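Coordinate-derived values only; no laboratory data. This is a predicted model, so every value here is computed, not measured. Glycine also receives a Cβ, built like all others from the backbone with ideal geometry; neighbour counts cover every protein chain displayed.
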There are 2 protein chains.
Amino acid sequence: MTLKTLTAESAANLDKELMSPEMGFSIDQLMELAGLSVAQAIHKVHPPSKGANVLLACGPGNNGGDGLVAARHLYHFGYKPSVFYPKPTNQPIFQGLQKQLKALRIPFVDDFTAALKETDLVVDALFGFSFKPPVREPFDKVLEAVIAAKKEVLSVDIPSSWHVEEGPPKEGELGAKFMPEYLISLTAPKPCVQWFKGKRHFVGGRFLGQEFAEKFGLDVPAYEGVEQVAELEVGAKVEKL
Amino acid sequence: MTLKTLTAESAANLDKELMSPEMGFSIDQLMELAGLSVAQAIHKVHPPSKGANVLLACGPGNNGGDGLVAARHLYHFGYKPSVFYPKPTNQPIFQGLQKQLKALRIPFVDDFTAALKETDLVVDALFGFSFKPPVREPFDKVLEAVIAAKKEVLSVDIPSSWHVEEGPPKEGELGAKFMPEYLISLTAPKPCVQWFKGKRHFVGGRFLGQEFAEKFGLDVPAYEGVEQVAELEVGAKVEKL
């Protein structure tokens, strides 16, 4: 099977179109469903019985927002999430997501390295498809710590530091050896998944209709039942759209 | 087990507080999760293999909005939903929800009685906890048709025409004989569930933290795994909060 993948430009156009006056989605809706799918993927690879401490490293953009939504659902699923969110965004949705977490007494940690030691799983929600290398501070130190910690990692949409289309950084650069165990692509995989050699790959964000998917050359993922995630083959061939 | 139930006033206060500046939820988020839970309850009682045609009767308020969200998720779950929505609301979220459904080519039907004949299941998303009797037109005719059709019905939050606290209308009034097979209470059951003698009762809307629930005297429902609905006992004793 060939995975149809969205370039950064196509992914941005797709999101723009979902939120256009014709399609009528709000960022609140899309982020809620994306974050819920992240939490469901975590439940599949690492149910709370395997260790309930999950540390979510959230970046400054929408990828970080997906992480914030996931943290809330993880709490409701029985996890003990904690959140590292050093560059909070001022937009209402991000403000709201932080308040929802604080109302649940979910800790926002300051010392990422200390928090890493306590965690059973790391969620890399630092950068998504709009990321342009290099990784800037303070996220360079964060990523270095994640790589050094040798904890299991689930990356949201893109393994952070990877180029959306060209994959991992060159040998010797930060992130060259970053290989998360798990990846959840949002809406559709991105071309860099061809370098993903982790254990399991999912897709989430169950809101693409057949007609809309076809417009972007995509297949609607084979979601089952009421699942918000579908599993994809690791190592599948990739087609760039 | 005693079911702790929210009066109309407490339910309104709870919603207001969830959307307060302190808690930070948006109507888009809450309606998305409520509607998703409605669709998941439908999948439990009536999977698409039992007949994929679902007719959603959507009222003018938030209950109708939950129905619109559910219609979209039902489509993605493999159903063929159709929507009756005679009194559309102008607020942005309702406009957006309608556009999302139209983009999926989900039919909005004009002739409710004709659509009823074709359907395998009816979703009663006419009125929620802010309903005050009597049922006004055109919804009186809609409810009469639902009762006459003898199709299976799932009611969202409250069986429409029932008083939130006092239950079914008096003998001889419209709705006195209305008993849906299935009920999904949103956030928490309402006192009228003590008159519910259908087959299965669920609760949905998985966003109440322990502390917040306690503030309203509620128990957090016993959701399992990543489920967005939990099943409650039909005929349980009721405590009014």
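So what is the relative contact order for segment A:102-241, in percent, with contacts set as C-alpha pairs under 8 Å and at least six apart?
Contact order relative to length: 18 percent.
Any of A:K4/A:K132; B:K16/B:K99; A:K197/B:K80 with alpha carbons more than 29 Å apart? Name them for me.
A:K197/B:K80
Pairs of alpha-carbon atoms within less than 8 angstrom and 6+ residues apart define the contacts here; what relative contact order does chain A have, in percent?
Across chain A, relative contact order equals 23 percent.
Over segment A:110-187, what is the relative contact order in whole percent, taking alpha-carbon pairs under 8 Å and six or more residues apart?
Worked out over segment A:110-187, it gives 33 percent.
Inside 10 Å of the C-beta atoms of B:94-106, what's the mean count of C-beta atoms belonging to other chains?
4
Which distances in nm, rounded to one decimal and ordered from shortest, link the label point of B:E173 to the equivalent label points in the other identical copies, with labels set 7 Å from Cα toward Cβ?
Result, one decimal in nm: 7.1.
Find the centroid of the Cα atoms in segment B:187-241 and in segment A:73-136, then give the distance between the two in whole Å.
Distance between centres, Cα-based: 30 Å.
Quick one: work out the % antiparallel among DSSP beta bridges in segment B:96-201, nearest 5.
Antiparallel: roughly 10 percent of the beta bridges in segment B:96-201.
Go through A:206-212, B:63-69 and give me the packing order, highest mean Cβ count within 10 Å leading.
Ranking the peptides A:206-212, B:63-69 by packing returns B:63-69, A:206-212.
Mind checking the dipole of segment A:146-241: about its Cα centre, +1 per Lys or Arg Cβ, -1 per Asp or Glu Cβ, Debye to the nearest 20?
Rounded to the nearest 20 debye, it is 360 debye.
Calculate the mean, over all residues of peptide B:221-231, of how many other protein chain Cβ atoms lie within 10 angstrom of the residue's Cβ.
3
Could you give the DSSP H helices of chain A that reach 18 angstrom or more along their long axis (alpha carbon positions) and whose average Kyte-Doolittle hydropathy is no lower than 0.0?
Long hydrophobic helices here: A:27-45.
Only Lys, Arg, Asp and Glu count, each charged at its Cβ (+1, +1, -1, -1), so figure out the dipole size of the protein assembly as shown about its Cα centre, rounded to 20 debye.
I would put it at about 340 debye.
If you take the charge dipole of segment A:2-240 about its Cα centre, with +1 on Lys and Arg Cβ and -1 on Asp and Glu Cβ, which of A:P92, A:T2, A:G225 is farthest toward its positive end?
Farthest along the dipole direction, towards plus: A:P92.
From other protein chains only, count the Cβ atoms within 10 Å of every residue's Cβ in A:19-31, then give the mean.
Shielding by partners across A:19-31 averages 5.
By per-residue mean of other Cβ atoms within 10 Å, what is the highest-first order of B:193-204, B:29-40?
Ranked by mean Cβ neighbours within 10 Å, highest first: B:29-40, B:193-204.
What is the magnitude of the charge dipole of chain B about its Cα centre, with +1 placed on the Cβ of each Lys and Arg, -1 on the Cβ of each Asp and Glu, and no other charges, expressed in debye to the nearest 20?
Taking the Cα centre of chain B as origin, the dipole is about 620 debye.
Return the distance in nm (one decimal) between the two label points of a simple spin-label model at B:S49 and A:M19, each offset 7 Å from Cα along Cα→Cβ.
4.0 nm
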